[in-house]
Amino acid sequence: MKKYVLWIITTMINYIAISQSLEPKVIQQNDSTYFCFTVVQSKKLAKLIELGNYNDTLVKKLTTTNWKLQLVSDTKDNVIDFKNQKLSSYATIVEVWS
């Protein structure tokens, strides 16, 4: 049992020590800053960038769709106003001739 507990503790310590977040190593050389990523970090970063590009595309498409729907709604409102004015004109004509 003691060996098992010891094995679990060492495994957890190794996992914590080995696993890394997306924090890169920062290296300063000749007044320049370099960020060094591991292969795993690079893959995660690439996935996040792709997801960001996909989301940007969706935002642009939805913005265009929203603009088109707003234009259709404005046109519909203009047609309704025109028809109401036309109906008022017809009502006035009917009242004059009656």
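The values are calculated or read from the model by the stated rules, or taken from the named source; none is laboratory data. Keep in mind it's a predicted model, so treat the numbers as computed, not measured. Every residue, glycine as well, gets a Cβ built from its backbone with ideal geometry; the counts of neighbours run over all protein chains shown.
Things to note:
- Any chance V26 is of a type in the set (V, I, T) and at pLDDT 85 or above: no
- Residues of the range 28-72 classified as surrounded by 10 or more Cβ atoms within 10 Å (Cβ to Cβ) and either small (G, A, S) or touching a Gly at 6+ places or on another chain (Cβ under 8 Å) (or both), total: 3
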